[in-house]
Structures are given as C-alpha cells and as structure tokens.
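Remarks on the structure that follows.
The values are calculated or read from the model by the stated rules, or taken from the named source; none is laboratory data. Nothing here was measured: the structure is a model prediction, and the numbers come from that model. Ideal geometry is used to build each Cβ from the backbone, glycine not excepted, and the neighbour counts take in all protein chains shown.
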Amino acid sequence: MGKLEPLPGTSDLWHPEAAEWVRLENTARRVMGLYGYAELRTPIIERTDVFVRGIGSDTEVVQKEMYTFTDRGDRSLTLRPEGTAGVMRAIANQGVGEGEEKRVFYCGPMFRGERPAAGRKRQFHQIGVEAVGKLTPLLDAESMVMLFDYLRAVGIDDFRLLLNSRGTREDRQDASRTLQEHFRPHVEEMCEDCRRRLDSNVWRILDCKVEACRGFVAQAPPIVDLLSETSRAYFGQVQRALDAFGIAYEVAPHLVRGLDYYEHTVFEVVSDSPHLGAQNALAGGGRYLIELPGSRKPIPGVGFALGMERLMMARHRPRQESPGHGPVDVFIAILGDQAEVCALQLSRELRARQVRVLCETEGRSIKAQMRTADKCGAELAVIVGGEELAAGQVTVKYMRESRQEQIDREHAAPSIAATLGRKEDPEGMY
RNA sequence: GUGGUUGUAGCUCAGUCGGUUAGAGCGCCUGGUUGUGGCCCAGGAGGUCGGGGGUUCGAGUCCCCUCAUCCACCCCA
C-alpha cells in the first residue's frame, strides 16, 4: 500500500493486459486502414488556447476538467482532454487546400480532472479518427459504418447507435431562441445550473439530468424540427446512407453532446453490456467545424473517439494475474558451475534464432529448477550438467510430453529452434 | 465538487461483545537421500492491521481527523 499507488484516476497496466491493449490498437489501425485512415501522433501537451478555442470555452471540459499549468516560459499549457483539437491543430499547421481531404487515426492517453468511477479515469485512453476537409452526408455515414466494423472486429456486439443532428451555427441561433422560449416560463422550477444555462448556453439544458429539468426537456421540440430545410435534408441523407449500409440506429431527438464544435450529425454508441456501470458510452463523435488560433477559417471534419477502458470492460476479459515475465519457449537448467558458460552461450544462440529463453541464474537444486521450468510455461527445458558436458551433449525435455532426449551440443540451437518452429515473425512480440 | 463504500501477508479474504503469541486459501522458497516439473506431504519466509491522534488496564475491533479505493451524482470516451 503506502505511497506507491499511482495517482488517483490513473493505473499501471501490466502484462498480459497491456498486450491486450496493443491488440485493440492494432485492430483499429487495420480496420481504419481499410477506409484509408493513417496514424497521426500528436503531442500530449498543447498550448491551452488550442483546446479553449477548439472545444469551446463554455463546455464542461474546458471550464473545470482540464489539467492546465504554466511552464517556465510563463505559457499556459494543458494536457490534452480529447484528441480532436490537437489533430486539427496539426492539420492546420501543415495546411489543407480547398477541397483537399485528410483522414487520420490516433490513439493514446487523454487527461481530465474528474472524479474517478467505473469506466472513468483521469488518465484514460482513446482511439479516434478524423476525416477532415470535406462536408458530405455519405462521409458521416461511412464514419459510423467504420465504427461498427471496428466494434465487431474486437468482439463487441451488444451496443446501440444513437443519432441526431444539431444543424449549422445559424440553425442553432434560431433554435436557441425557440428553446429559450420553451424553457423560460419554467425557469423557476429548474435547477440552478439550468437557470444560468438558459441565457449562456440553452443547449446544455438538454443534457441536464436533474429530474425536474428532464420533464421540461422531454416536452421540448426535437432539435431536428428546429433546423433549416437544408440541414434537415442533410440529416435525411445521412440516415438514408446508413440504411443503405444496413446500419441500425435510433434517432435521439435531444442528443447534443458536450462539445461546442459539433455541426450537423452527432452520434454516440452506448453499450448494453452489464459490465459497464453508469458510464456506458463506448464511443461518441460527429461532424464539426472547428476554430483554431492561426487558421483563417473554421475547418470541417467528421470523427469519433472510442474509450479504450470501456472497450476492455465491454469485452469482459477476466483479469489475469501478471506472471512477472513475458511468455517463454525454453528454460535452461544448470547443474554445477562448470555448465554455466555452456548454458549462457546456448541461451544467446537460441535468442538469436528468435527463441524466448529464461535461464537459471541462482544455482538452485535441479528440482527447484524444473519446477520453475514448469511454472514459466516453457515448452522445452534444456538441462546442462556434468554428464552432458562430458558427452558434448545437452538434454532436451519436452515438458508437455514428459519425454526427454540427448542432442549434440553443436547442433543444439538450430535443432531446438526447428523443433519449436518459429511461427511468429521477429516483430510480432504481441 | 457532493454523497456513500472499503482499506488486515505478494493476491483473495476471515478475525465474535474490545482481551494478551493476528489467521486461512492461493502464490513464493526449501525439503521429502544420488540429476528431473505437475499431484501429495512436511517445513519456512513474508504483516508499521492504510496513516495520525484519542478513549481504555488493554484497540485490527470504539471515536475523531487524514490518505487511498471503489461506486453513484455530475460529465463524458
């Protein structure tokens, strides 16, 4: 216990779970790659205004959840609370021409100063994508199809896609007035936050979970009804495209999401898995128009982010205990000081042939060494002792078959490597 | 930020109404005659009972504070 625990809301991730995470990421690289998305790695830390202007200053995230500090040059920096703003900054920095499109995939840690709970960490990890530069309903739909493909590829199928549209900025100005008129007569009966939101940001009222407010939200007109003709047409096209792809969705009339930059399509994937707890949103995203310092005009894009912790929970792989070392193929047992040199040399020859080797380092009894050979999961145990040395041989024991044989020391390494048959390529550590 | 929950061995946990040397299972180590794993048997190591203060003859147990955990609210991935 003591002071060695990681900070609240953060955690150490050990093998073999760490390998499972890498697999989730690699599956994403592969599936997103099928749609032409390529990886972009941006810094974890950015100038604060990248997020304030990118995400919107009236959002929960920038108002009270960012890890912001001042560096020695007196600049205000923050640990990224989400991925889109940084990706857009990188793209704007490189420049996007009129009509040009960029498709990027990213993954990594994000930071938010919230109270930890099931499926919510202060350092959490996202896999995300952004298709930037184009504004078409088909692209929005394709993004959601890709999300479906990915979820199924990692073995998740009990989820629902929630869909809505918030229209354009002009639509929202009109809609805001309508919503304000709708809620104003009831302000006195609503919560403190909503009373403030009525004039500062009515949209946030739609997200309010306070019982009293929800009643009024339920009676509010569906957002879509408040949008312009063209925005509604856009939304209709998105739905038709999804139908054509055979993707099931539910229109959530008051889904608006917490980030200001969304325009038109917004969506969320919620899980019905019993392993999730209250935080059941696996992924969220939508179409956006984002403003960044230095860019002449807002840049359009569509994208979504998946929460890796929640993916892990939804898959519900039982927690395994860490064995303290990675998987190995061979354990080399040593009997007597004389055999040490031979054993160490053999271990190097094997590793040079991509065989994973654990070698005795303590000079314990043969019994203790064999016990280790068994517990470490090695397929073969190699015994090097006085008898073997004298005969110029080594003993190879097949642990699963309880059979053993002597082979010439000279050909030991190639022979063992051949026996194991190196099915994995050298880079395939996972 | 607000509520509640839990903190005892490496892990999962038991510990009665306060009572003297704090337990179990698993794991780990060593043995069970010569150089062979798993099963079994015997033994061993390992604990500031999260930390601090208080009440008491006596606190793992009761009280206060604190730290951490988990969960819910909230928010979102």
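Show the residue pairs that are 6+ apart or on different chains and have beta-carbon atoms under 6 Å apart, the first residue being within region A:30-49 and under 13 Å from residue A:142 (Cα atoms), the second being in a helix (DSSP H, G or I).
That search, which allows pairs on different chains as well, returns A:31/A:149; A:31/A:150; A:31/A:153; A:35/A:146.
Taking region A:396-409 on its own, how many of its residues are in contact with a Gly (Cβ under 8 Å, 6 or more places away or on another chain) and either within 13 Å of residue A:347 (Cα to Cα) or within 10 Å of RNA strand B (Cβ to nearest atom) (or both)?
Adding up the residues that qualify gives 1.
Which residues, taken from region A:355-395, are among the polar types (S, T, N, Q), closer than 23 Å to residue A:417 by Cβ and near RNA strand B (Cβ under 9 Å from one of its atoms)?
A:369, A:372, A:395
Among the residues in region A:273-288, are any part of a strand (DSSP E or B), away from RNA strand B (no atom under 16 Å from the Cβ) and under 24 Å from the mean Cα position of the chain (by Cα)?
The answer is no; no qualifying residue exists.
Filter region A:58-87 for residues that are free of Cβ contacts under 8 Å to residues at least 24 places away in the same chain and more than 22 Å from the chain's Cα centre (by Cα); which is surrounded by the most Cβ atoms within 10 Å (Cβ to Cβ)?
Checked region A:58-87; the qualifying residue surrounded by the most Cβ atoms within 10 Å (Cβ to Cβ) is A:68.
What is the residue count in region A:379-403 for residues that are in contact (Cβ under 8 Å) with a residue 12 or more places away in the chain and either among the basic types (Lys, Arg) or closer than 17 Å to residue A:335 by Cβ (or both)?
So the count comes out to 17.
Residues checked against (1) farther than 14 Å from residue A:287 by Cβ; (2) over 28 Å from the mean Cα position of the chain (by Cα); (3) in the same structural domain as residue A:141 (by TED's automatic domain parsing):
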residue	(1), (2), (3)
A:209	yes, no, no
A:214	yes, yes, no
A:217	yes, yes, no
A:220	yes, yes, no
A:234	no, yes, yes
A:240	yes, yes, yes
A:245	yes, no, yes
A:248	yes, no, yes
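Just to confirm my filter: which strands (runs of 3 or more DSSP E) fall fully inside region A:314-430 and include at least 2 residues that are surrounded by 13 or more Cβ atoms within 10 Å (Cβ to Cβ) and among the polar types (S, T, N, Q)?
A:393-398, A:403-408
If a residue must be of a type outside the set (D, E, K, R), in contact with a strand residue (DSSP E or B) (Cβ under 6 Å, 6 or more places away or on another chain) and assigned to a helix (DSSP H, G or I), how many such residues does region A:130-143 contain?
Count: 2.
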